[in-house]
Amino acid sequence: MKGIDIIEAVNDVDGKLLSYEAPNKKRLSRMRIPVIAAAILLGLGCVAIGAASLGRVLGTFTPIKTGTHGYTASFELKKFEWRDFKGAIAEAPDIIIEQYANYKPQPAWSNTIYPPGIYGKGFSTYDEAADYLGLDALTRITIPFDEDVGVTVIGDSEGKISQIYLFCDHIFITGDPSTGSYGGAFQATIFTENCDISSPFAGGDWGDYDPGRIEFGEFVTSKGVVCQYAEVGVGDRSRQLVVGYIVDSGILYRLGVNFDDGGLESAMEILKNWAEQF
């Protein structure tokens, strides 16, 4: 399966986050992560341009030209060599080769169609997932909801790994009900030398779902790092979203925080505290 096919198939998670109505604290079962990894691997749907690049770079944001609602977020990422990954992820090529060898197409009406080429693994913390990758360029950070973390690996029938996603999709509630509820999704996007992506894709395309007004901005951390962000539906609806993007050493890091009406200031504080770690 080509990277573009997978990306287009899982590009609708933002709308689901926006549609939550003051959710109770919820955790994804770690046993479910490998099964649903394909649906979560792009978290809120951002895709990047796969081109060699070192250091921090800025992305380009434009309205969606095709589709009903959304925006395009394009970034220039480094393509890492497979030998750069020194962790237990070395098992992934053999696992994916076996997936292709044992794959039997399911009937069209089946609800359990899992194509080969996607390997998922769950972890308890970000650090555990980072250790699994063993990639020195990956920045060690603390995410606001460091639990139920997963890694998704994409490869072909020859076991050539092209894309890796470290993600966490979580819903949580603050201790004081008066501050409202907050949810979030984190994702680190890593391309390898085998990645065939060479053009920008949708940063968020909600199809027929109207997320409300979309505006873009940026801020600079105390270390001089620029975090670009998109505000989605702020002031338009009761459930709103802020998504921040940082490219560090050729890897794209993305944090989305969804919140109740009036919670923009607190959501931006969460985003800024996260960005200060780069």
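The set of residues in the range 234-278 that are closer than 16 Å to residue 218 by Cβ and among the aromatic types (Phe, Trp, Tyr) comprises 245, 253, 274, 278.
Taking the range 255-272, which residues are in contact with a Leu (Cβ under 7 Å, 6 or more places away or on another chain) and either in contact (Cβ under 8 Å) with a residue 60 or more places away in the chain or more than 28 Å from residue 136 (Cβ to Cβ) (or both)? Matches in the range 255-272: 255, 256, 257, 258.
Looking at the range 199-259, the strands (runs of 3 or more DSSP E) lying wholly inside it that each contain 1 or more residues that are within 16 Å of the chain's Cα centre (by Cα) sit at 202-205, 226-232, 239-248.
Filtering the range 101-143 to residues that are of a type in the set (Gly, Ala, Ser) and either exposed (fewer than 15 other Cβ atoms within 10 Å of the Cβ) or in a loop (DSSP other than H, G, I, E, B) (or both) leaves 101, 108, 110, 117, 124, 134, 137.
This table checks each residue for (1) modelled with pLDDT under 90; (2) small (Gly, Ala, Ser); (3) in contact with a helix residue (DSSP H, G or I) (Cβ under 8 Å, 6 or more places away or on another chain).
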{"position": "200", "(1), (2), (3)": "yes, no, no"}
{"position": "221", "(1), (2), (3)": "no, no, yes"}
{"position": "231", "(1), (2), (3)": "no, no, yes"}
{"position": "239", "(1), (2), (3)": "yes, no, yes"}
{"position": "255", "(1), (2), (3)": "no, no, yes"}
{"position": "267", "(1), (2), (3)": "no, yes, no"}
{"position": "277", "(1), (2), (3)": "no, no, no"}
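Select from the range 166-198 the residues that are over 20 Å from the mean Cα position of the chain (by Cα), crowded, with 16+ Cβ neighbours inside 10 Å and at pLDDT below 70 and list them in ascending order. The answer is 173, 180.
The values are calculated or read from the model by the stated rules, or taken from the named source; none is laboratory data. These numbers were taken from a predicted model, which means no experiment stands behind them. In this analysis, Cβ positions are derived from the backbone assuming ideal geometry, glycine residues included, and neighbour counts consider all displayed protein chains.
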